[in-house]
Structures are given as C-alpha cells and as structure tokens.
C-alpha cells in the first residue's frame with residue numbers, strides 16, 4: 001500500500017472549490033503547478049470530477065472512485081472507496097487526491113500533505129473543501145502571487161504533524 005497521500009486543491013476564501021461541477025475561476029498559473037506536481041503519479045478522483053474533466057490527464061495514472069459497480073473508463077483504474085483506490089496505487093511514492101468534495105472529506109484524515117492554492121476572492125459555489133483542524137498541520141511553505149489577470153493567490157503547503 002502507498003504510504004503518502006497528498007490532497008491538492010484550489011479554493012476561494014470561503015472554501016468554495018466548485019460550482020456546477022466546474023471551477024468557478026480561471027487561473028492558468030495553478031493549472032501549470034498542478035501539472036508539475038502530479039505528472040508521473042497516480043491521481044485519484046471521484047466520478048463527477050472525472051466527468052467534469054472529460055478526459056484522462058496525460059502522463060498520470062487515473063484512479064476513479066465510484067459507487068457504481070458497472071462504471072468503466074478505458075485507460076483508468078476504477079475503485080469503490082478511497083482505501084481501495086490507494087491499494088491500486090502501490091509503488092507510487094506520492095498519490096494525489098484531486099477531488100471532489102466528498103473524497104476530500106474522507107482523504108483529509110488519511111493525508112500527509114495538503115497542496116492548497118488559496119485565491120483571494122469569495123465566489124458562489126456548491127462544492128466546498130472541508131474544514132480542517134489547523135493544529136494537526138504545519139505550514140511548510142507559503143508563496144504569494146498575483147495572476148496575469150491581477151488576482152492575488154497563495155500556494156500553501158501543509159505537512160501533517162506527527163504525534
């Protein structure tokens with residue numbers, strides 16, 4: 001079994017991560033960082049997240065978590081729980097959970113690292129990143145940026161504190 005699960009997420013100040021199964025913003029800088037971090041690794045996502053992407057992402061192994069036992073996507077691995085998905089990722093030193101909200105809720109308890117892109121805006125949405133206990137996490141890096149469109153955002157990396 002893989003020993004390192006990382007959550008990677010972009011969220012607004014009000015913790016919104018999605019609206020109608022899409023990102024409610026355009027931030028090319030974040031997509032470039034996402035690609036750099038996840039390339040060569042397994043990416044785990046829920047069925048709705050996969051369907052919002054509409055394709056397999058290149059140079060990554062896609063694992064889709066679904067409750068539907070008949071669900072199939074050519075070129076992807078299918079799991080029916082996050083634990084089952086992690087078992088399919090053996091041999092990968094870092095597995096990335098990329099959404100959605102339900103899987104983040106489960107994955108937060110298993111994760112070792114959180115890669116968060118925090119956008120300096122409040123937006124309407126119907127999917128939220130779960131609240132997490134900051135006392136269990138150590139902020140290991142913070143990079144403030146301003147996008148080409150003038151939007152302030154930060155890359156935050158948290159490591160789970162060990163007991």
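Figures for the structure shown
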{"read-out": "Of 133, 120, 92, the one that fluctuates the most in a GNM where the chain has Cα springs shorter than 10 Å", "value": "133"}
{"read-out": "Tilt relative to the chain, helix 28-38 - C-alpha long axis, 0 to 90 degrees, to 10", "value": "40 degrees"}
{"read-out": "Relative contact order, percent, the chain [alpha-carbon distance under 8 Å, six or more residues apart]", "value": "33 percent"}
{"read-out": "Peptides ranked, highest mean first, by Cβ atoms within 10 Å: ranges 20-26, 54-60", "value": "20-26, 54-60"}
{"read-out": "Relative contact order for the stretch 9-69, counting Cα pairs under 8 Å that sit 6 or more residues apart, in percent", "value": "29 percent"}
{"read-out": "Residue 51-residue 77 FRET efficiency (beta carbon distance; Förster radius 25 Å; 0.05 resolution)", "value": "0.95"}
{"read-out": "Of all DSSP beta bridges in the chain, antiparallel share, percent nearest 5", "value": "50 percent"}
{"read-out": "Candidate values (i) 49, 37, 23; (ii) 43, 39, 27; (iii) 43, 34, 26, label of the one derived for Cα extents along the principal axes in Å", "value": "(ii)"}
{"read-out": "Ranking of 96, 132, 34 by count of other Cβ atoms within 10 Å, fewest first", "value": "132, 34, 96"}
{"read-out": "Residue order, fewest to most surrounding Cβ atoms within 10 angstrom, among 122, 30", "value": "122, 30"}
{"read-out": "Fewest-first ranking of 48, 13, using other Cβ atoms within 10 Å as the exposure measure", "value": "13, 48"}
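A short reminder: the numbers here are calculations on the coordinates, not readings from a lab. Because the structure is a prediction, the values reported are computed rather than measured. Virtual Cβ from ideal backbone geometry, glycine too; neighbours counted across all protein chains shown.
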